[in-house]
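All remarks here apply to the structure that follows.
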Amino acid sequence: MTTTEQPQGSASQTADILDIARGQVLERGIGLDQEQVLSVLRLDDDRLTEILALAHDVRMRWCGPEVEVEGIVSLKTGGCPEDCHFCSQSGLFASPVRSAWIDIPSLVEAAKQTAKTGATEFCIVAAVRGPDKRLLAQVAAGIEAIRNEVDIQIACSLGMLTQEQVDELGAMGVHRYNHNLETARSHFPNVVTTHTWEERWGTLRMVRDAGMEVCCGGILGMGESLEQRAEFAADLAALEPDEVPLNFLNPRPGTPFGDLDVLPASEALKSVAAFRLALPRTILRFAGGREITLGDLGAEQGILGGVNAVIVGNYLTTLGRPAESDLDLLADLSMPIKVLNDTI
Ligand code: SF4
């Protein structure tokens with residue numbers, strides 16, 4: 001937003017919020033603020049089609065038709081010392097994900113398979129509070145080996161970082177760093193107790209200042225109120241991330257959130273569209289949990305409701321849809337996959 005332009009409508013909520021969004025977001029590219037997002041989240045389900053159509057128009061106007069395809073691999077799975085209540089990779093819960101590492105040849109193979117799908121981004125993920133020397137050495141060796149054989153941009157998701165570690169990753173040529181805020185600041189203590197929202201925010205600022213792209217999103221359906229969901233959208237808008245992965249809680253047995261209900265499909269879709277209206281220019285990605293929340297139709301409705309990036313293949317601890325079904329869908333919808341040359 002330029003300094004002279006202000007969001008409209010906070011003081012005039014008698015006007016229809018979607019009419020306001022049409023002028024403010026679609027025409028002028030100014031994202032909805034927290035109160036405005038809340039108004040969208042409160043709209044009745046019978047307006048869902050209209051909400052999704054507007055989110056789609058906003059995405060086409062400010063991002064274009066291209067869809068970013070990304071692959072993801074877990075370098076180190078499970079055994080994490082943190083207590084994120086949704087996460088089956090925490091070593092503190094009775095969930096079945098055991099600690100395991102993959103070797104460099106497997107990492108390179110995963111990057112090759114990812115590149116074959118047309119993906120431009122390959123994200124190396126580790127279930128840790130933050131990287132230690134051993135992990136960073138593995139990442140450095142992995143990145144070098146991938147660069148020798150595969151033409152793809154590399155992202156990392158290795159938890160909280162020190163400034164020195166940010167600098168090391170920058171020197172390795174990491175293009176984008178993922179670190180999720182997960183939920184609104186006011187809800188975070190109900191989700192994680194072993195570190196704070198502010199610690200995550202600090203890592204994101206350092207990553208941004210170092211010149212890496214910032215990928216930051218979270219999980220919807222973790223018991224947050226609609227007000228807190230709107231707060232989270234505003235938190236993300238303030239960060240101005242290059243990419244926002246949105247997950248829906250897939251309650252994993254053995255985790256503290258294992259008994260929470262799955263978000264109803266209409267609420268999930270409405271939320272994604274509302275986040276698009278708050279973040280008109282970001283790469284908005286469906287991440288985990290979409291199959292259980294939205295079923296097979298989820299990808300299509302999301303892609304036509306504001307989303308412009310997908311992960312192909314398997315997620316970290318649960319099975320996603322096969323790559324081919326997402327890629328076929330994009331072809332059916334005449335949405336081109338973003339090509340690497342355009343992004344360098
Ligand atoms: S979300 Fe990340 S930091 Fe939290 S328990 Fe899972 S792997 Fe660890």
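The values are calculated or read from the model by the stated rules, or taken from the named source; none is laboratory data. Just so you know, these numbers come straight off a predicted model, no measurement behind them. We place every Cβ from the backbone using ideal geometry, glycine too, and count neighbours over all the protein chains shown. Only protein heavy atoms, including side chains, enter the accessible area calculation; ligands, DNA and RNA are left aside. Shrake-Rupley method; radii C 1.70, N 1.55, O 1.52, S 1.80 Å.
Specify which of the listed residues (258, 202, 211) is open to solvent by 40 Å² or more (accessible area, probe 1.4 Å), small (Gly, Ala, Ser) and either part of a loop (DSSP other than H, G, I, E, B) or on the phi < 0 side of the Ramachandran plot (or both).
Working: 258 fails: open to solvent by 40 Å² or more (accessible area, probe 1.4 Å); 202 fails: open to solvent by 40 Å² or more (accessible area, probe 1.4 Å).
After applying the criteria, what remains is 211.
Can you spot a residue in the range 199-216 that is farther than 25 Å from residue 142 by Cα, out of contact with any helix residue (DSSP H, G or I) (no Cβ under 9 Å at 6 or more places or on another chain), acidic (Asp, Glu) and modelled with pLDDT of 95 or more?
The answer is yes, given that some residue of the range 199-216 is farther than 25 Å from residue 142 by Cα, out of contact with any helix residue (DSSP H, G or I) (no Cβ under 9 Å at 6 or more places or on another chain), acidic (Asp, Glu) and modelled with pLDDT of 95 or more.
Please determine, by comparing only the residues of the range 42-87 that are outside any helix (DSSP H, G or I) and of a type in the set (Val, Ile, Thr), which one is farthest from the chain's Cα centre (by Cα).
To start, the set of residues in the range 42-87 that are outside any helix (DSSP H, G or I) comprises 42-44, 63-87.
With the extra rule that they be of a type in the set (Val, Ile, Thr), the set shrinks to 67, 69, 72-73, 77.
Values: 67: 14, 69: 13, 72: 12, 73: 15, 77: 19 Å.
Top of the filtered list is 77.
Quick check: is even one residue across the range 89-105 in a strand (DSSP E or B), open to solvent by less than 30 Å² (accessible area, probe 1.4 Å) and more than 9 Å from the ligand (Cβ to nearest atom)?
We begin by selecting, within the range 89-105, every residue in a strand (DSSP E or B); these are 90, 100-101.
Then drop every residue that is not open to solvent by less than 30 Å² (accessible area, probe 1.4 Å), which leaves 90.
With the extra rule that they be more than 9 Å from the ligand (Cβ to nearest atom), the set shrinks to none.
No, the range 89-105 contains no residue that is in a strand (DSSP E or B), open to solvent by less than 30 Å² (accessible area, probe 1.4 Å) and more than 9 Å from the ligand (Cβ to nearest atom).
Have a look at 257, 248, 232, 188 and point out the one that is away from the ligand (no atom under 14 Å from the Cβ), farther than 19 Å from residue 310 by Cβ and aromatic (Phe, Trp, Tyr). So that I can check it myself, show each step before the final result.
Working: 257 fails: away from the ligand (no atom under 14 Å from the Cβ); 248 fails: farther than 19 Å from residue 310 by Cβ; 188 fails: away from the ligand (no atom under 14 Å from the Cβ).
Of the residues listed, the single one that is away from the ligand (no atom under 14 Å from the Cβ), farther than 19 Å from residue 310 by Cβ and aromatic (Phe, Trp, Tyr) is 232.
Which condition does residue 111 not pass, out of (1) open to solvent by less than 50 Å² (accessible area, probe 1.4 Å); (2) more than 22 Å from the chain's Cα centre (by Cα), if it passes all the others?
With (1) open to solvent by less than 50 Å² (accessible area, probe 1.4 Å); (2) more than 22 Å from the chain's Cα centre (by Cα) applied to residue 111, the lone miss is (2).
The conditions are (1) modelled with pLDDT of 95 or more; (2) open to solvent by less than 20 Å² (accessible area, probe 1.4 Å); (3) in a helix (DSSP H, G or I); (4) not small (Gly, Ala, Ser), and residue 222 fails exactly one of them. Which is it?
Here residue 222 clears every test but (3).
Does the range 117-127 contain at least one residue that is modelled with pLDDT of 90 or more, surrounded by fewer than 17 Cβ atoms within 10 Å (Cβ to Cβ) and within 16 Å of the ligand (Cβ to nearest atom)?
no
Looking only at residues that are assigned to a loop (DSSP other than H, G, I, E, B), of a type in the set (A, V, I, L, M) and under 21 Å from the mean Cα position of the chain (by Cα) in the range 162-182, which one is farthest from residue 105 (Cα to Cα)?
First, pick out the residues of the range 162-182 that are assigned to a loop (DSSP other than H, G, I, E, B): 162, 172-175, 179-181.
Retained after the next criterion (residues that are of a type in the set (A, V, I, L, M)): 172, 174, 181.
Still in the running and under 21 Å from the mean Cα position of the chain (by Cα): 174, 181.
Numbers: 174: 19, 181: 32 Å.
Restricting to residues being assigned to a loop (DSSP other than H, G, I, E, B), of a type in the set (A, V, I, L, M) and under 21 Å from the mean Cα position of the chain (by Cα), the top hit is 181.
Of everything in the range 134-161, what is more than 16 Å from the ligand (Cβ to nearest atom) and in a loop (DSSP other than H, G, I, E, B)? Give them in sequence order.
Answer for the range 134-161, where residues must be more than 16 Å from the ligand (Cβ to nearest atom) and in a loop (DSSP other than H, G, I, E, B): 150, 151, 152.
Among the residues of the range 1-54, which ones are open to solvent by less than 30 Å² (accessible area, probe 1.4 Å), touching a Gly at 6+ places or on another chain (Cβ under 7 Å) and at pLDDT below 95?
The answer is 52, and nothing else.
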